[in-house]
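Please read the structure below before turning to the comments.
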Amino acid sequence: MKVEVESTGRNLKVSLEKVQIQREHEYVQDLIDGIEEYEKTLGVIVYHPGKDLVFTSRSLGDGTEPYLEMIKNSIKDDTPQEEFGVYKKAPIFAYAFPLKDKKRKNIGGVSILQHTSFLGEDIRRAEWNILITILLLIGGIVAIVFIGTKKWISQPISQLMAGINHIAKGNLDTRIDLKRKDEISQLAQAFNQMAVNLKRAQERLIQESERLRRSEKLATVGQLTSGLAHEIGTPLNIIGGRVELTKRRLEDSEAQKNLDIVMQQTERITKIIQQLLGFVRKKKPEQRNLNLGDLLETTLDFLGHQIQKQRVTVFKEVENNLPTVIGDPDQVQQVFLNLILNAIQAMPEGGALHLSASSKWISKEGLEDGERQYVEICVQDSGIGMEKEVVQNIFNPFYTTKNMGTGLGLTVSQGIIQDHEGWIEMESEIGKGSVFRVYLPSLPGEVKGDG
């Protein structure tokens, strides 16, 4: 309002300072009457002190003395003046300022009276505008908060709840991927670590359960085997002795042939009992330095007749300066015998047997000092291969695909290698053959650090 009144005053000041107020009465009157036509302007008063002339716009009548006095004070102080007041019960704003000639001398003054009643209406409009603006701002803030909450809080929490439900249903492979840097992301990381720990605990529990079941089964087999060894061993010795005696007394070749068969089957029964006893009564492996390359060569010599009979071609690849392994030579050789003999039997029509021995640095779970050096013995055949179900059960006790097998060879071999702190891996495919990899640790202390 003040800006509007001052702007009107500046325009009026320029016009009045260019004319002689004491002479051009009509012009002055028309000028102030024109300004009065502005709906917010109540009236205008012009005062010329020289001839004590007073010009008032048409709407003004009596009661203008205070504002005429205000003009005189403005001329006296040579500065504009303003105040809020009441004219004929109407609230107004009065603004007075002096007029000057070209020599900057005061030649009169002007007072403009402005209605203030319109301010209430402007204020009410402003209040509505402010209210609407505030409501829009609040609505916008609520929308932003809602969207932000949904994106940054609700959705991540929903993911966490879904993950918890999956875990509750037994799906321990559930993981939550939140690539953020806040507390919810830390919670998701903790959840993922919990899932990993639960998965490991489940695996350990399964392994322990299998170990307990195996131990119970072995205990039962041990009792049965001990009884069988006692009950069957003595009769078998008697039968074997009688067969030898009878063979010496008979000259009939056909009878001797039949007796040979009886002797072979008796020896086979004795061998099975010995295998069972060896399976359930494991002895602690000896601790001797082993050259696995030489041990592999000796094993091939033992099986030379079977290799030649099955028309199997052997390919060897033994690494020079193979690391020394600590272990029991008889037990390790038994493993090599079982694996190579199985490979030969898997190639009834002949084939290729690949044997290799090499050193490798391997990082295994539980090895805190980095990688450790192992010797890898690989036995690969080009035989008939095995189905997936056979591969999954091949190391289980008494599981066999052979008509005359005991199902203990690979189980015993795995136990021996585990007793030597190693492990066995295998792969097989129908029609393409099988490969067994035996890993045995080198001498203790041969550890390569992380750096």
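The values are calculated or read from the model by the stated rules, or taken from the named source; none is laboratory data. From a predicted model like this one, the values you see are computed outputs, not experimental measurements. Virtual Cβ from ideal backbone geometry, glycine too; neighbours counted across all protein chains shown.
Quick one: would you say Ile112 is in contact (Cβ under 8 Å) with a residue 60 or more places away in the chain and assigned to a strand (DSSP E or B)?
Yes; evaluated as a whole, the condition is true for this residue.
Quick one: which of Ile176, Ile153, Ile141, Ile167 is modelled with pLDDT of 70 or more and over 24 Å from Glu203 (Cα atoms)?
On the way: Ile176 fails: over 24 Å from Glu203 (Cα atoms); Ile153 fails: modelled with pLDDT of 70 or more; Ile167 fails: over 24 Å from Glu203 (Cα atoms).
So the residue among Ile176, Ile153, Ile141, Ile167 that is modelled with pLDDT of 70 or more and over 24 Å from Glu203 (Cα atoms) is Ile141.
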- Inspect the range 80-102 for any residue being part of a loop (DSSP other than H, G, I, E, B), closer than 23 Å to Gln22 by Cβ, out of contact with any helix residue (DSSP H, G or I) (no Cβ under 9 Å at 6 or more places or on another chain) and at pLDDT 80 or above and give the result as yes or no. no
- Quickly run through the range 400-437 and pick out the residues that are assigned to a loop (DSSP other than H, G, I, E, B), in contact with a Gly (Cβ under 7 Å, 6 or more places away or on another chain) and either modelled with pLDDT of 80 or more or over 19 Å from Ile344 (Cα atoms) (or both). His420, Ile430, Gly431, Lys432
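Could you check, for the range 14-30, whether at least one of its residues is assigned to a loop (DSSP other than H, G, I, E, B), of a type outside the set (Asp, Glu), farther than 12 Å from Leu113 by Cα and in contact (Cβ under 8 Å) with a residue 60 or more places away in the chain? Give the steps one after another, and end with the answer.
Within the range 14-30, the first condition is being assigned to a loop (DSSP other than H, G, I, E, B), and the residues that meet it are 18-24.
Those still in the list that are of a type outside the set (Asp, Glu) too: 18-23.
Right, trim to farther than 12 Å from Leu113 by Cα and you get 18-23.
Next, from what is left, pick out any that are in contact (Cβ under 8 Å) with a residue 60 or more places away in the chain: 21.
Yes: the range 14-30 contains one or more residues that are assigned to a loop (DSSP other than H, G, I, E, B), of a type outside the set (Asp, Glu), farther than 12 Å from Leu113 by Cα and in contact (Cβ under 8 Å) with a residue 60 or more places away in the chain.
Just the residues that are among the basic types (Lys, Arg) and either closer than 18 Å to Gly9 by Cα or not in a loop (DSSP other than H, G, I, E, B) (or both), please, taken from the range 32-57. Give the derivation first.
Start the filter on the range 32-57 by keeping residues that are among the basic types (Lys, Arg), which leaves 40, 51.
Correct list: Lys40 only.
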- Task: Find the strands (runs of 3 or more DSSP E) located wholly in the range 300-389 whose residues include 2 or more that are in contact with a Cys (Cβ under 6 Å, 6 or more places away or on another chain) and either farther than 18 Å from Tyr439 by Cβ or not assigned by TED's automatic domain parsing to the domain that holds Glu421 (or both), and list them.
- Result: none
- Item | From the options Ala352, Ala357, residue that is closer than 23 Å to Arg288 by Cα, hydrophobic (A, V, I, L, M, F, W, C) and either modelled with pLDDT of 90 or more or surrounded by fewer than 17 Cβ atoms within 10 Å (Cβ to Cβ) (or both) | Ala357
- Query: Among (1) at negative phi; (2) without any contact (Cβ under 8 Å) to a residue 24 or more places away in the chain; (3) exposed (fewer than 14 other Cβ atoms within 10 Å of the Cβ), which single condition is Gly50 missing?
  - Reply: (2)
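Does Ile92 satisfy the criteria of being farther than 15 Å from Val44 by Cα and assigned by TED's automatic domain parsing to the domain that holds Ile32?
Values: farther than 15 Å from Val44 by Cα: no; assigned by TED's automatic domain parsing to the domain that holds Ile32: yes.
Taking the combined requirement at face value, the residue does not satisfy it.
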